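Chemist: Input: one structure, supplied below.
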Amino acid sequence: MSSLHDVLVVGGGSAGLAAAVTAARTGARTLLLERYGYLGGMGTASLVHTFCGLYLLREESGAVLANPGFATEMAERMMAATGLGPLRMGRVDVLPQHPVEFVRIADEITAAEASLETLFHTEVLAARRDGGQWHVTVGGRGGVRDISATALVDASGDAVVAGFLGGGAEMTESPGLQRPAYVFGIQGMPGFDDAARLQAAGWIVEGVRKGMLPKSAMGLSFRASGRPGEIFGSLDLTGGESVSGYDPLDPRCLSSLESGGRKIAADVLRFLSGSSDGWREAYISQWPVRAGVRESRRWIGEYVLAAEDLLEGRRFNDEIALATWPMELRETVKGPKLRYPRDNRPAGIPLRCLKARGIPGLFVAGRCLSADHEAQASIRVMGTCFATGGAAGEAAAEWARTGSF
């Protein structure tokens, strides 16, 4: 069975959601493919609970949204859902978000678009371009089907279409890749505050010093979710690498990382519940569907956004969004190394970064767009992914209508 669409979007994370909804709002017949049972990607399946990259960098207080369109719409919807506004963390502003609300908002937005169809539990198995059309084979538990589309958006995070085409992407070698995160939910923590957070960090250090916890537990931190008695734990993962090192595309490596993340989380919670009355009633209430991959394969586009572009706040005639998050380098588990642009100037992200080099009708968005390793550490965050996804969806819809953009 074959079906024809104007725009096909691969991946329903922040960028894919934005791309599909934006394309559908132009009237393009749009199909969104997602391998899990809900949309949101890292913000839902991986429980990443803050929207970063929504706001301009600034020295003074008062958050200012950087990108109009879908990014601003999502910020407004999330604030209405949680009742929480921007939070100042050091030199940056972030918006707390709750993964449960993100899923609900995504369902509402997509259901409102008559031109948009969403297929969950669907993986891309093959992709090729022939006769001016994209031909994609997808599969699920119910079998395999073929889909045709005039324009294709790869918002998979892993540049999966490049894998099927046999080239057009690159990936930083391990151990240089940004480390993945493991986030989990905890209940039974009423009144959790900054004092409790610092106390927990001290207990973990003591547990490691006494040999009761592994050294890998040192990076575990906690943050209140905004809901009574609920907090999130976040840990940068190490270990579980294949022979060649950490590989976000290797299921053996990821399997070991996932089980390792759960073991560390369970060991730490067991230790804390036996060490502090404040943790005695705490329990792990939610595991992520998957670890939060920060960096994977990246497309090579008509322009490769570089670290120097961000550091200088470089602007472009064809820019489609602003990059406002510092380069958050997490190449080790010792915490982030942040590189800020000169004078907090935002850099433009040119449309050329969203156009795969030499491949007509293919647009990319999110963490796998065309950027070097360090620049990717800025543009990978969800606030920026909303903006690049929206631009990719608009470009794909225009290509489907006119054959150019």
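Chemist: So Leu311 clears everything in (1) closer than 22 Å to Thr22 by Cβ; (2) in contact with a Lys or Arg (Cβ under 7 Å, 6 or more places away or on another chain); (3) open to solvent by 10 Å² or more (accessible area, probe 1.4 Å) except one condition, right? Which one?
Modeler: Unmet for Leu311, out of (1) closer than 22 Å to Thr22 by Cβ; (2) in contact with a Lys or Arg (Cβ under 7 Å, 6 or more places away or on another chain); (3) open to solvent by 10 Å² or more (accessible area, probe 1.4 Å): (1).
Chemist: Consider Leu177 against the criteria (1) part of a loop (DSSP other than H, G, I, E, B); (2) over 16 Å from Ser296 (Cβ atoms): it satisfies all of them except one. Which criterion is unmet?
Modeler: Every listed condition holds for Leu177 apart from (2).
Chemist: Show the residue pairs meeting these rules: Cβ distance below 9 Å; 6+ apart or different chains; first residue within region 129-157 and on the phi > 0 side of the Ramachandran plot and modelled with pLDDT of 95 or more; second residue among the polar types (S, T, N, Q) and not in a strand (DSSP E or B).
Modeler: Gly157/Ser296
Chemist: Turning to a different aspect of this structure: Which of the residues belonging to region 369-382 are open to solvent by 10 Å² or more (accessible area, probe 1.4 Å) and touching a helix residue (DSSP H, G or I) at 6+ places or on another chain (Cβ under 7 Å)?
Modeler: Within region 369-382, Asp372, Glu374, Arg380, Met382 meet the criteria.
Chemist: Now for a separate question. Those residues that are at pLDDT 95 or above, touching a Leu at 6+ places or on another chain (Cβ under 9 Å) and hydroxyl-bearing (Ser, Thr, Tyr), I need them from region 222-238; list them, please.
Modeler: Within region 222-238, Ser234 is the sole residue that qualifies.
Chemist: Which condition number does Leu362 fail, the rest of (1) closer than 30 Å to Leu220 by Cβ; (2) in contact (Cβ under 8 Å) with a residue 12 or more places away in the chain being met?
Modeler: Here Leu362 meets the rest and fails (1).
Chemist: Follow-up. Would you confirm whether or not region 207-218 contains a residue that is touching a residue at least 40 places away in the same chain (Cβ under 8 Å), within 30 Å of Ser370 (Cα to Cα) and among the hydroxyl-bearing types (Ser, Thr, Tyr)?
Modeler: Checked region 207-218: no residue is touching a residue at least 40 places away in the same chain (Cβ under 8 Å), within 30 Å of Ser370 (Cα to Cα) and among the hydroxyl-bearing types (Ser, Thr, Tyr).
Chemist: Exactly one condition in (1) in a loop (DSSP other than H, G, I, E, B); (2) open to solvent by 20 Å² or more (accessible area, probe 1.4 Å) is not met by Gly157; state its number.
Modeler: For Gly157, the failing item is (2).
Chemist: Out of Ser276, Ser234, report the one residue that is under 14 Å from Ala196 (Cβ atoms) and of a type outside the set (Lys, Arg).
Modeler: Ser276
Chemist: Same structure, new question: Which numbered condition trips up Ser255, out of (1) surrounded by fewer than 15 Cβ atoms within 10 Å (Cβ to Cβ); (2) farther than 30 Å from Tyr38 by Cβ?
Modeler: Exception for Ser255: condition (2).
Chemist: Any idea which of Thr22, Thr50, Thr44, Thr72 is under 19 Å from the mean Cα position of the chain (by Cα), within 18 Å of Phe386 (Cβ to Cβ) and free of Cβ contacts under 8 Å to residues at least 24 places away in the same chain?
Modeler: Selected residue: Thr72, the only one of Thr22, Thr50, Thr44, Thr72 that is under 19 Å from the mean Cα position of the chain (by Cα), within 18 Å of Phe386 (Cβ to Cβ) and free of Cβ contacts under 8 Å to residues at least 24 places away in the same chain.
Chemist: Can you pull out the strands (runs of 3 or more DSSP E) entirely within region 85-148 that have at least 1 residues that are closer than 30 Å to Ser61 by Cβ?
Modeler: Strands (runs of 3 or more DSSP E) meeting the threshold: 87-89, 92-96.
Chemist: Anything in region 77-123 that is hydroxyl-bearing (Ser, Thr, Tyr) and either open to solvent by 70 Å² or more (accessible area, probe 1.4 Å) or more than 29 Å from Ala28 (Cβ to Cβ) (or both)? List them, or say none.
Modeler: Thr82
Chemist: Could you pull out the residue among Ala28, Ala80 that is out of contact with any Leu (no Cβ under 8 Å at 6 or more places or on another chain) and free of Cβ contacts under 8 Å to residues at least 24 places away in the same chain?
Modeler: Sole residue among the options that is out of contact with any Leu (no Cβ under 8 Å at 6 or more places or on another chain) and free of Cβ contacts under 8 Å to residues at least 24 places away in the same chain: Ala80.
Chemist: Which residues, counting only those in region 50-76, are among the polar types (S, T, N, Q) and either open to solvent by 30 Å² or more (accessible area, probe 1.4 Å) or modelled with pLDDT under 95 (or both)?
Modeler: Ser61
Chemist: Just one of the numbered conditions (1) in a strand (DSSP E or B); (2) open to solvent by 10 Å² or more (accessible area, probe 1.4 Å); (3) closer than 20 Å to Leu322 by Cα; (4) in contact with a Leu (Cβ under 8 Å, 6 or more places away or on another chain) is not true of His5; which one?
Modeler: Going through the list (1) in a strand (DSSP E or B); (2) open to solvent by 10 Å² or more (accessible area, probe 1.4 Å); (3) closer than 20 Å to Leu322 by Cα; (4) in contact with a Leu (Cβ under 8 Å, 6 or more places away or on another chain), His5 breaks only (3).
Chemist: If only one of Ser46, Ser61, Ser115, Ser14 is farther than 25 Å from Leu369 by Cβ and among the polar types (S, T, N, Q), which one is it?
Modeler: Ser61
Chemist: If I filter region 266-276 for residues that are surrounded by fewer than 20 Cβ atoms within 10 Å (Cβ to Cβ), among the aliphatic types (A, V, I, L, M), free of Cβ contacts under 8 Å to residues at least 24 places away in the same chain and under 27 Å from Gln187 (Cβ atoms), do I get at least one hit?
Modeler: Within region 266-276, one or more residues are surrounded by fewer than 20 Cβ atoms within 10 Å (Cβ to Cβ), among the aliphatic types (A, V, I, L, M), free of Cβ contacts under 8 Å to residues at least 24 places away in the same chain and under 27 Å from Gln187 (Cβ atoms).
Chemist: Any residue that is more than 23 Å from Val10 (Cβ to Cβ) and either open to solvent by less than 10 Å² (accessible area, probe 1.4 Å) or aliphatic (A, V, I, L, M) (or both) - is there at least one of those in region 348-368?
Modeler: Yes, the conditions are met somewhere in region 348-368.
The values are calculated or read from the model by the stated rules, or taken from the named source; none is laboratory data. Just so it is clear, the model here is predicted, and its values are computed rather than measured. Heads up, the Cβs are rebuilt from the backbone with ideal geometry, glycines too, and the neighbour counts pull from every protein chain shown. All accessible areas refer to the heavy atoms of the entire protein, side chains included, with ligands and DNA or RNA removed. Shrake-Rupley method; radii C 1.70, N 1.55, O 1.52, S 1.80 Å.
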